[in-house]
Amino acid sequence: MGKLSILKEFWDFLKTRKKWWLGPVVVILLLLGALIFFTQTSSIAPFIYTLF
């Protein structure tokens with residue numbers, strides 16, 4: 001069992017329960033998490049902070 005099984009299970013949940021609004025919410029949360037991760041570990045952090 002790996003990450004692909006989690007994605008498959010989430011996709012099956014969305015299809016079965018018709019909770020399509022959860023898809024964009026999860027994508028936005030993943031993008032925000034990636035943004036936070038990369039701003040802490042890179043040299044471009046000062047430039048990203050000025051956007052907010």
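Data for the structure
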| read-out | value |
| --- | --- |
| Pairs with Cβ under 9 Å, 6+ apart, first in the range 18-35 and surrounded by 10 or more Cβ atoms within 10 Å (Cβ to Cβ), second of a type in the set (A, V, I, L, M) | L22/L14; G23/L14; L35/I48 |
| Test result for W11, open to solvent by 100 Å² or more (accessible area, probe 1.4 Å), modelled with pLDDT of 80 or more and outside any helix (DSSP H, G or I) | no |
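The values are calculated or read from the model by the stated rules, or taken from the named source; none is laboratory data. Keep in mind the model is a prediction, meaning the values are calculated, not measured. Using ideal geometry, Cβ is built from the backbone for each residue, glycine included, and neighbour counts are taken over all protein chains shown. For accessibility, only protein heavy atoms count, side chains too; no ligands or nucleic acids. Shrake-Rupley method; radii C 1.70, N 1.55, O 1.52, S 1.80 Å.
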